Structure formats: structure tokens, C-alpha cells
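Participant: Structure below; questions to follow.
The values are calculated or read from the model by the stated rules, or taken from the named source; none is laboratory data. What you are looking at is a predicted structure, and each value in this text was computed from that prediction instead of being measured. So basically every Cβ, Gly included, is an ideal-geometry build from the backbone, and we count neighbours across all protein chains shown.
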Amino acid sequence: MSHGPSAPARPHSPHAHHEPYAPVFTPGSARKAELDTIIARYPEKRAALLPGLWMIQQERGWISEEAMTEIAQQLDLTAAYVKGVVSFYTMYHQHPVGQHFIQVCTTSPCLCAGADDVVKAFLEHTGCKELGLTSPDGKFTVIEVECLGACGFATPVQINDDYVESVTPGKVPGILSSLK
């Protein structure tokens, strides 16, 4: 399942926040042309905010304060308005995450099906010491989510834009080895 404009996954450095910010929507760039096309679809520029944020996240792996300012300028919004939107939606990362962002559903039906053990298996096999931290190699970040909308296939896991259903602790090593 995809939640935004498709683009190849880019490796995310857990140290990306220490690098100088390079704008995503530079004049003449493909991303600027893509944003302009989206803006033209709507009567108000701000309607392009969610897809614009998604493009930044695809390029950078997360949405920094500088990125919020950049998209705000592109859409004639305030950085505070953009920050409010970014902080409202859990799909936007406000800090660097691993190349593979793993979300494990831990709502009630999934907990009854063993979601806690699935979380523990992901933490153990990825090297992430706790939820929300990125593994030392920068490849994985594991979090819990309230619901992935696949209660009939407990425990569902979302890895980046892909869903894996009926995950058990025993399936975790195979899932991780299949990731590039």
C-alpha cells in the first residue's frame, strides 16, 4: 500500500540532521516540477501541503525544521502552520529514521494475538534497543502503532509502504532478511 507519490526509496542516514540542509524544491528540479503540477490542480496552494511533505520525506527520510520552512515558502504558508500539520500526522517523521521504518500494530486484537512478542522479536533482530530508536547500522527503526486496519490478519506490520500480515515472532528473521 502506498501513501503518496511513488519514488524510489532513498537510504536514510541516522545522522542526516547534522548535514547542512539542501532544498528539495530547487528551480528546474524534478521535485519542483512535480510540486508545481500538484499546486496547479487546486484552487489554493495549501492543498499541496500533504503531498509536498511526502516528497520531502521521500527525498530526505524525514522532515526537518528547515524542510518545513522550505515547503511553507513554496505554498505561501507559515512555518508554524506546516509544523502543526507535520506534528498532527504520524506518517511524517520529525527526526531521522532507519532505512526500513517498521510499524507493529499493538491494538487490542493484535495484543491478544501476540503483538508484544512480535515487537520484542523486531527489537532483538534489528539491534534497536528500544522503540523509536534507530539500529546502529541505520537500517531499522521500530515503533508501535495503534491500528493498521488489518485486524483479521493479526499481527500486521507495515515496513515503509508495504504491509506484512499474520506476523509471528518466528517470521521476523525471514522478514528482515528479505529487506534490501
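Participant: If you check every pair at least six apart or on different chains, which have Cβ atoms under 6 Å apart with a residue in region 122-138 that is more than 18 Å from S178 (Cα to Cα) first and a residue that is outside any loop (DSSP other than H, G, I, E, B) and hydroxyl-bearing (S, T, Y) second?
Facilitator: As it stands, the answer is T134/T141, since those pairs meet every condition given.
Participant: Of the conditions (1) at pLDDT 95 or above; (2) of a type in the set (G, A, S); (3) surrounded by 15 or more Cβ atoms within 10 Å (Cβ to Cβ), S13 satisfies every one except a single condition; which number is it?
Facilitator: Condition not satisfied by S13: (1).
Participant: How many residues does region 33-53 hold that are of a type in the set (S, T, N, Q) and either within 14 Å of the chain's Cα centre (by Cα) or modelled with pLDDT under 95 (or both)?
Facilitator: Of the residues in region 33-53, the ones of a type in the set (S, T, N, Q) are 37.
Now restrict to residues that are either within 14 Å of the chain's Cα centre (by Cα) or modelled with pLDDT under 95 (or both): none.
Residues meeting the conditions: 0.
Participant: Follow-up question, since we're still on this one. Among the numbered conditions (1) in the same structural domain as W54 (by TED's automatic domain parsing); (2) more than 30 Å from A33 (Cα to Cα), tell me where G84 comes up short.
Facilitator: (2)
Participant: What pairs can you find where one residue is in region 139-158 and over 15 Å from C128 (Cβ atoms), the other is acidic (D, E) and in a loop (DSSP other than H, G, I, E, B), and their Cβ atoms are less than 7 Å apart, with a gap of 6+ or different chains?
Facilitator: Close Cβ pairs (under 7 Å, with a partner that is acidic (D, E) and in a loop (DSSP other than H, G, I, E, B)) amount to A150/E165; F153/E165; P156/E165.
Participant: What is the one condition in (1) in contact with a His (Cβ under 9 Å, 6 or more places away or on another chain); (2) modelled with pLDDT of 90 or more that M91 does not satisfy?
Facilitator: With (1) in contact with a His (Cβ under 9 Å, 6 or more places away or on another chain); (2) modelled with pLDDT of 90 or more applied to M91, the lone miss is (2).
Participant: Might you check whether a residue that is free of Cβ contacts under 8 Å to residues at least 24 places away in the same chain and not small (G, A, S) occurs anywhere in region 51-63?
Facilitator: Among the residues of region 51-63, not one is free of Cβ contacts under 8 Å to residues at least 24 places away in the same chain and not small (G, A, S), which makes the answer no.
Table: residues versus (1) within 15 Å of the chain's Cα centre (by Cα); (2) surrounded by fewer than 16 Cβ atoms within 10 Å (Cβ to Cβ).
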site	(1), (2)
M55	yes, no
L77	no, no
Y89	yes, yes
G98	yes, no
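Participant: A further question follows. Consider region 123-155. How many of its residues are surrounded by 17 or more Cβ atoms within 10 Å (Cβ to Cβ) and at positive phi?
Facilitator: 1
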